[in-house]
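This report concerns only the one structure given below.
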Amino acid sequence: MGAIPGACDYDYLIVGAGVIGCAIARELVRSPVRVGVVEQGWDVAEGASKANSSILHTGFDAKPGTREARLVAEGWWLWQQEAPELGVPILRTGAVMLALDEEQAQELERWRRNAFENGVTDVELLTRDRVLALAPAANPAVVRGLFVPRESVTCTFTATVALAEQAAVNGTVFHFGHRVTGIERSPDGSYRVLTDRGPLTARWLIDAAGLWADEIARWAGADGLVITPRKGEFLVLDKSARAKVPLIHLPVPTPISKGILVAPTANGNVLLGPTAEDIGDKRDLSVTASGLQRAREGALRLAPALADEPVIATYAGLRPASSAGDYVIEIHPRDRLVLAAGIRSTGLSSALAVAREVVRGLLEAGEPLASSESPLRPRPRRSWAPGQPRPCTRPELVAADPSYGRVLCLCELVSEGEIREALRAPIPATTLDAIKKRTWAMAGRCQGFYCTAAILQFMSRELRVPVSGLTKSGPGSPVAGPPVASRGRRGHG
Ligand SMILES: Cc1cc2nc3c(=O)[nH]c(=O)nc-3n(C[C@H](O)[C@H](O)[C@H](O)COP(=O)(O)OP(=O)(O)OC[C@H]3O[C@@H](n4cnc5c(N)ncnc54)[C@H](O)[C@@H]3O)c2cc1C
């Protein structure tokens, strides 16, 4: 169906292995078509999909009438259907928007109406007492709240990896470590996508390149898209904070951002952030003293009781914000080009719906694709997902395979067995960061201080490569320098 055997490498080549590119690949391989994904990083989820708030939004606060509002709402329901089989955690914590003065309390009524316009009709205005009963760490100055019961927490790593693995199991080919550097068209209209590791050819090009989607679009002949990075900085609190944060605490949004929130994570920590700052440099993932201070101050305005909770990590992510102010999902049948871009701050929530929207567009363009009900082969089951008991605490699992009892990461209780699963998965983890995304090893309180060496040695044995050949996130990020003795010898001639 739709294939031209031998003519091109792929029927559909997707640029970008973020949550959007992976979801589109997974949706396309419901049909017997050849799908490739080209990604400059050495793993999935290396862009915005790596560094967000991991909230599964209902779309209650989206601008009514936008494509974003519609697809976030649809995406939320699709995740409920698909997450169990994919092994993606969803914590139905709910969220409360906190009005800290009378002016904000007036605003809540507007957000309630906004939610209704977006079909989120289960929201509820709360009195101060009810807010404090639901959110005991909330600022005692709170005047009123808006409860959004279906706002949920997921894990962006697990979600993206799961979509990619199911896409791979069903035939998608991933080209990691391939940076697209230019795009040519053949006389028959097919694409010749130039990468720093050679060209790939395709009948259709799907641009899901996040921050760089404007560059890819331009190279493919579509002008007009401008993507601006909007930086968000976060602090991660230790698990001691989690009991104080049973649900997501939201501020009343501002015109440019949903604002700084306090949220539980699927893995038992608490997130403070993100800030929202338009910047010029698409590579600037630095965390800054001023950004972290703003994130902390904003979060503590919502929940001052978290002031003494220890911070174990910080990070920054860049939202791919488009000049259009809405998602840019365009199908150009004549050019056989799809844009899935500008998916700024809600793409994790909407990914499954965006993928269906793209396939709907391709069907309208006459592509003979299968319906979204066509079954997919499942991704292999994992012994653990965020929020579940660790294998080392399950005697039956340890008895069946003692490697689940040999714990390498003591903070997160990650065993050799889980790391081996990641190394042997349909998209094998080949870097330390990839192990972290799949197992949460090195993401706990010590941030890898105590366990990284043991994990590297285990990876080295399993992969049969020396530790010096392993990397944090691919070539150019070695985890070990040359041996000290050999450096000394060189120094003495
Ligand atoms: C601070 C912050 C908080 C957020 N919070 C939430 C939230 O709570 N809930 C939610 O639903 N969403 C949230 N989001 C939004 C969500 O993260 C994004 O909408 C989503 O990750 C976008 O996915 P993507 O696949 O379009 O982009 P990306 O994940 O950025 O993927 C694009 C990929 O394309 C690759 N690429 C780019 N150029 C090239 C090239 N030339 N060659 C090869 N590969 C290339 C990149 O390496 C990258 O991996 C947040 C985002 C941020 C930054």
Check your understanding: Pick from the range 313-325 the residues that are hydroxyl-bearing (Ser, Thr, Tyr) and assigned to a strand (DSSP E or B): which of them is nearest to the ligand (Cβ to nearest atom)?
Key -> 315
Check your understanding: If you check residue 227 against the conditions, is it closer than 22 Å to residue 17 by Cβ, within 13 Å of the ligand (Cβ to nearest atom), hydrophobic (A, V, I, L, M, F, W, C) and free of Cβ contacts under 8 Å to residues at least 60 places away in the same chain?
Key -> no
Study note, to complete from the structure: For the range 337-352, pairs from a residue that is within 20 Å of residue 367 (Cβ to Cβ) to a residue that is among the hydrophobic types (A, V, I, L, M, F, W, C) and within 6 Å of the ligand (Cβ to nearest atom), with Cβ under 7 Å and 6 or more apart or across chains, are 340/20; 340/208
Check your understanding: If the Cβ limit is 7 Å and pairs must be 6+ apart or interchain, which residue in the range 56-77 that is at positive phi pairs with which residue that is surrounded by 20 or more Cβ atoms within 10 Å (Cβ to Cβ) and not in a helix (DSSP H, G or I)?
Key -> 59/118; 59/120
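State the number of residues belonging to the range 201-219 that are surrounded by fewer than 22 Cβ atoms within 10 Å (Cβ to Cβ) and not hydroxyl-bearing (Ser, Thr, Tyr).
Here the count works out to 5.
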Study note, to complete from the structure: Note: among 312, 329, just one is aliphatic (A, V, I, L, M), farther than 22 Å from residue 447 by Cβ and modelled with pLDDT of 95 or more, namely 329
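Conditions tested, residue by residue: (1) more than 16 Å from the ligand (Cβ to nearest atom); (2) assigned by TED's automatic domain parsing to the domain that holds residue 80; (3) under 21 Å from residue 232 (Cα atoms).
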| residue | (1), (2), (3) |
| --- | --- |
| 286 | no, no, yes |
| 311 | yes, no, yes |
| 327 | no, yes, yes |
| 333 | yes, yes, no |
| 345 | no, yes, yes |
| 356 | no, yes, no |
Point to revise | Unique residue being near the ligand (Cβ under 9 Å from one of its atoms) and closer than 30 Å to residue 307 by Cβ when the list is 234, 147, 157 | key: 234
Revision key, fill the gap. Of the conditions (1) surrounded by fewer than 21 Cβ atoms within 10 Å (Cβ to Cβ); (2) over 30 Å from residue 129 (Cβ atoms), the single one that residue 69 does not satisfy is (1)
Exercise for review: Check whether at least one residue in the range 159-166 is surrounded by fewer than 22 Cβ atoms within 10 Å (Cβ to Cβ) and under 29 Å from the mean Cα position of the chain (by Cα), and report yes or no.
Suggested key: no
Point to revise | Residues located in the range 212-223, provided they are without any contact (Cβ under 8 Å) to a residue 60 or more places away in the chain and away from the ligand (no atom under 11 Å from the Cβ) | key: 218, 223
Exercise for review: Determine whether the range 172-192 contains at least one residue that is more than 15 Å from the ligand (Cβ to nearest atom) and closer than 13 Å to residue 86 by Cα.
Suggested key: no
Check your understanding: Within the bounds of the range 365-375, is there any residue that is farther than 23 Å from residue 204 by Cα, of a type in the set (Ser, Thr, Tyr) and assigned by TED's automatic domain parsing to the domain that holds residue 56?
Key -> no
Review point. Quick one: would you say residue 220 is within 21 Å of the chain's Cα centre (by Cα) and at negative phi?
Key: no
Exercise for review: Return yes when residue 330 is under 27 Å from residue 214 (Cα atoms), touching a strand residue (DSSP E or B) at 6+ places or on another chain (Cβ under 9 Å) and touching a residue at least 40 places away in the same chain (Cβ under 8 Å) and no when it is not.
Suggested key: yes
Point to revise | Residue satisfying all of: in the range 251-271; at pLDDT 95 or above and closer than 23 Å to residue 128 by Cβ; farthest from the ligand (Cβ to nearest atom) among these | key: 252
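The values are calculated or read from the model by the stated rules, or taken from the named source; none is laboratory data. What you see is a predicted model, and the numbers here were worked out from it, not measured in a lab. Quick reminder, even Gly has a Cβ in these numbers, built from the backbone with ideal geometry, and neighbours come from all protein chains shown.
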